[in-house]
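Working notes, structure below.
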Ligand SMILES: C[S@@+](CC[C@H](N)C(=O)[O-])C[C@H]1O[C@@H](n2cnc3c(N)ncnc32)[C@H](O)[C@@H]1O
């Protein structure tokens, strides 16, 4: 591509440069797929364009901060892969994939993958990936699409009959409120035509960046946002994280997401990173502190609400259950104590919800579940047994006490516990 066109693309797409960062970070930390891909693409991390304009002390601080931010990118990448592989399954749709090498490993593992990004990225990425992926090439595709354009997204997933796991990493903070509404509307529409979920940790990015850099970098004093602004802010007028899903409390963001037609489930991310040793770009003595921070950072698992889908809810004696059926998946939210008395409420509700339905997957949000008795476990067992042999029952976000009950009874070996 001629350099004039590349320059123009940088101007119209303020995050063009950021598409390269994760690949470079993974390459530096020794990921073999990233090494192979970057040997072809030759991406490099360059200093933020605005860095030379700040004082030498701040330049040094930003240099140290970058290491913290890079470790966060690596952790996010690894955790997303782990989360998907641990029980979600289906087709991984990498929305705004940048140059991440994910497709190489996924093809090797026989996983269907669709990478979506702007033409500036896809035009460079596609031929390089074609060289790197030697087996199961038919499982992988790349689409030049704009996330704000529904038709281009629909075309990218046309003909896919598996559940979609739509993932966005590092995309949402760059969008305005208006764009967020359009993009969430598009994803909702995609999910009304294909079963699946939308998973992102972008609403946590502000919390994550600040806390990770503080844990990972000794003597950190600056706000990472300033660093990000230096990187991209002067290319165009991007106000990083300045939208309804990336700023404010979790409650505010959850409300905004609900209003855009999604139910939210929060799943802690650290179990999927694969241990502190995955934070290789950090100095050894800082890894444990950074890993601790990840314990409070979550994936936002978003299920599109369909107004025509059946909703069942009931409450009884400090317990409530909400059940929603979306195509072949049953989403259940449990609150309070699931004991001998309240288990009957749940079983009755469940039977009503699955009547005449072909349910293949049950996803339970246990975030607000305080207690489960053996009667409660029996109801979960009944649900699990009713699934076809390739079906799954997933319990998300259970407290340590409830996990202990699952472990003691051996129930944790029968279901997927996230
Ligand atoms: C920060 S990068 C993240 C890349 C990758 N997901 C990662 O984790 O490294 C943001 C990506 O969003 C892409 N992007 C920005 N606006 C987009 C749009 N309207 N449609 C599709 N992709 C877009 C950029 O090209 C870039 O690759």
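The values are calculated or read from the model by the stated rules, or taken from the named source; none is laboratory data. It should be emphasised that the depicted structure is a prediction, and the values quoted were computed from it without experimental measurement. All Cβ positions, glycine included, derive from the backbone under ideal geometry; neighbour counts span all protein chains shown.
Of all the numbered requirements in (1) surrounded by 21 or more Cβ atoms within 10 Å (Cβ to Cβ); (2) free of Cβ contacts under 8 Å to residues at least 40 places away in the same chain, residue 35 misses one, and that requirement is (1).
In region 191-203, the residue that is surrounded by the most Cβ atoms within 10 Å (Cβ to Cβ) out of those that are away from the ligand (no atom under 14 Å from the Cβ) and assigned to a helix (DSSP H, G or I) is 203. Would you confirm whether any residue within region 166-178 is surrounded by 23 or more Cβ atoms within 10 Å (Cβ to Cβ), more than 10 Å from the ligand (Cβ to nearest atom) and touching a residue at least 60 places away in the same chain (Cβ under 8 Å)? The answer is yes, given that some residue of region 166-178 is surrounded by 23 or more Cβ atoms within 10 Å (Cβ to Cβ), more than 10 Å from the ligand (Cβ to nearest atom) and touching a residue at least 60 places away in the same chain (Cβ under 8 Å). Only a single item in (1) within 21 Å of the chain's Cα centre (by Cα); (2) within 12 Å of the ligand (Cβ to nearest atom); (3) surrounded by fewer than 18 Cβ atoms within 10 Å (Cβ to Cβ) is not met by residue 94, and it is number (3).
Check region 369-392 and report whether any residue there is out of contact with any helix residue (DSSP H, G or I) (no Cβ under 9 Å at 6 or more places or on another chain) and assigned to a helix (DSSP H, G or I). Yes: one or more hits.
Against the criterion of being within 14 Å of the ligand (Cβ to nearest atom), more than 18 Å from residue 40 (Cα to Cα), surrounded by 22 or more Cβ atoms within 10 Å (Cβ to Cβ) and in the same structural domain as residue 199 (by TED's automatic domain parsing), residue 118 does not qualify. Within region 131-160, the set of residues being under 23 Å from residue 81 (Cβ atoms) and either within 16 Å of the ligand (Cβ to nearest atom) or touching a strand residue (DSSP E or B) at 6+ places or on another chain (Cβ under 9 Å) (or both) comprises 133, 139, 140, 141, 142, 143, 145, 147, 153, 156, 157, 160. Of the set (1) closer than 21 Å to residue 330 by Cβ; (2) within 13 Å of the ligand (Cβ to nearest atom); (3) over 17 Å from the mean Cα position of the chain (by Cα), all apply to residue 182 but (1).
For region 21-33, a residue qualifies if it is within 11 Å of the ligand (Cβ to nearest atom) and modelled with pLDDT of 90 or more, and the qualifying residues are 22, 23, 24, 25, 26. Once region 46-67 is narrowed to residues that are surrounded by 16 or more Cβ atoms within 10 Å (Cβ to Cβ) and within 16 Å of the ligand (Cβ to nearest atom), the residue that is modelled with the highest pLDDT is 66. Right, residue 107: within 11 Å of the ligand (Cβ to nearest atom), touching a helix residue (DSSP H, G or I) at 6+ places or on another chain (Cβ under 7 Å), more than 28 Å from residue 285 (Cα to Cα) and assigned by TED's automatic domain parsing to the domain that holds residue 137 or not? When the stated conditions are applied, residue 107 does not pass them.
Residue-level analysis places residue 347 among those that are over 27 Å from the mean Cα position of the chain (by Cα) and either farther than 24 Å from residue 272 by Cα or at pLDDT below 90 (or both).
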